[in-house]
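Working notes, beginning with the structure itself.
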Amino acid sequence: MARRTPLFAIHQAAGARMVDFGGWDMPLQFDSLIAEHHAVRRAAGVFDVSHMCVVDLEGAGVRPLLEQLLANDVGRLTVPGKALYGCLLNERGGVIDDLIVFHLAEQWFRAVVNAGTRAKDLDWIRRHAAPFGVSVRERTDLAMLAVQGPQARSSVAAQLAPQAAARALTLGAFVGAEIDGWFVSRTGYTGEDGFEIMLPAAEAGPLWHALTAAGVVACGLGARDTLRLEAGMNLYGSDMDEDTTPLESGLDWTVALTPGRAFIGREALEAQRARGVDRKLVGLLLEERGVLRAHQRVIGADGGTGEITSGTFSPTLERSIALARIPAAAHGTVQVEVRGKRLTARLVRPPFVRGGKSLIG
């Protein structure tokens, strides 16, 4: 039986279309996927992301543990509340998962990992945490809401007492803080401004109702996917996995090869970088009518082939877009096999959309 978030009954009562996602019953959409998408780009939408796995790591050895586990450098986290995006790697440099880590105190960090990789992530982290004397606690007592869009921060602030609201509005990008019993962070997965809020499970329903009553649009996983793809954000299991490295996944910027810094997978990444990366993750913009979907074959001008990892129709651009893993030498235009036909697509650099505006010329 699939797991359910504290908001499951609320979603059912609202008539949401529910689907299994990573072992959870989650809302795919409440009304129109495109309307939900536009609400986030133009005003504000709220997502139930309580399926995400929140993990608290505590102990004197937590920083050296994370230095070993993450390809990105937690040494950059010196101010409480600051967050870092990075990847857990295996010894081959493959991506076990991507995650966000918050520095809450010198001996207390919080990680947010994907729902579908929860079990293997917890096993991997706990196995490596034991020698460092670090406790690993899954926060099943918390729910998590994401409020995103140009009006998202003011919408959340309206639900807080004046002093708390003022503090929330001063949070910098990729920073979180404990505010009136909620952990509020200026993070998200849509390419828009906003907050992600971790709060006691019993308080999630009242906050959801208050936000939607104030005009924030309830949004499901369908809009979350089109939004993140327009923003050029990877989806674990589609755009990266244990058989692809960050260097092949457009995530070079999350790899800190600082001299003397050891982490799991570093040797494999250094070897791959030295010999040259064979594949790269690129953005595609379809130049003809059609819809790009995952697993469609991509053919370069020299005959080299690749595959779309994520594809959709972009509501903002009104064009079909995709992320694809193709030979590193490919450039210009490619052909994509769509329903037995070869259609022309142009290589572009993600993101496709930022701040609700097209970045594609």
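Just so it is clear, none of the values below were taken in a lab; they were calculated from the coordinates. Remember, predicted model here, so these are calculated numbers, not experimental data. For neighbour counting, all protein chains shown are included, and Cβ atoms are generated from backbone atoms with ideal geometry for every residue, glycine included.
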Original post:
Rounded, prolate or oblate: which fits the stretch 83-146, taking a ≥ b ≥ c as square roots of the Cα gyration tensor eigenvalues, rounded meaning a/c under 1.5, else prolate when a/b beats b/c?
Top reply: rounded
**OP:** Compute the signed sum of charges (Lys and Arg +1, Asp and Glu -1) over the other residues within less than 9 Å, Cβ to Cβ, of L160.
**Re:** 0
**OP:** Loop only per DSSP, at most 13 neighbouring Cβ atoms within 10 Å: give me the trypsin sites (Lys or Arg not before Pro) in the stretch 269-336, ordered by residue number.
**Re:** R289
**OP:** At a Cα cut-off below 20 Å, give the aspartates and glutamates reachable from K341, other chains included and same-chain residues fewer than 8 away excluded.
**Re:** E287, E288, D302, E307
Original post:
Label I299 and H209 with points 7 Å out from Cα along Cα→Cβ: what is the distance between them in nm?
Top reply: 5.8 nm
**OP:** Only Lys, Arg, Asp and Glu count, each charged at its Cβ (+1, +1, -1, -1), so figure out the dipole size of the chain about its Cα centre, rounded to 20 debye.
**Re:** 680 debye
**OP:** Putting +1 on Lys and Arg Cβ atoms and -1 on Asp and Glu Cβ atoms, find which of L207, V255, T117 reaches farthest to the positive end of the dipole of the chain.
**Re:** V255
Subject >> GluC sites (Glu not before Pro) within the stretch 53-162: DSSP coil, no more than 10 neighbouring Cβ in 10 Å >> reply: E91
Original post:
Where Lys and Arg each count +1 and Asp and Glu each count -1, what net charge lies around G361 among other residues with Cβ under 15 Å from its Cβ?
Top reply: +4
**OP:** Give me Rg over Rh for the stretch 17-88, both radii from the alpha carbons and Rh done the Kirkwood way, two decimal places.
**Re:** 1.12
Original post:
Taking K and R as +1 and D and E as -1, what net charge do the other residues with C-beta under 14 Å from the C-beta of S50 add up to?
Top reply: -1
Original post:
Any idea what the dipole of the stretch 289-361 comes to, in debye rounded to 20, about its Cα centre with Lys/Arg Cβ at +1 and Asp/Glu Cβ at -1?
Top reply: 200 debye
Original post:
For the stretch 169-299, rounded, prolate or oblate, judged on the Cα gyration tensor with a ≥ b ≥ c (square roots of eigenvalues), a/c < 1.5 rounded, else prolate if a/b > b/c?
Top reply: oblate
**OP:** For the stretch 91-177, build the charge dipole from Cβ charges (+1 Lys, Arg; -1 Asp, Glu) around the Cα centre, then report which of A158, M144, A129 sits farthest towards its positive end.
**Re:** A158
**OP:** For the stretch 90-147 and the stretch 240-256, write down the distance between their C-alpha centroids in whole Å.
**Re:** 18 Å
**OP:** If a/c stays under 1.5 just call it rounded; otherwise compare a/b with b/c (prolate if a/b is bigger, oblate if not). Do that for the chain, with a ≥ b ≥ c from the square roots of the Cα gyration tensor eigenvalues.
**Re:** oblate
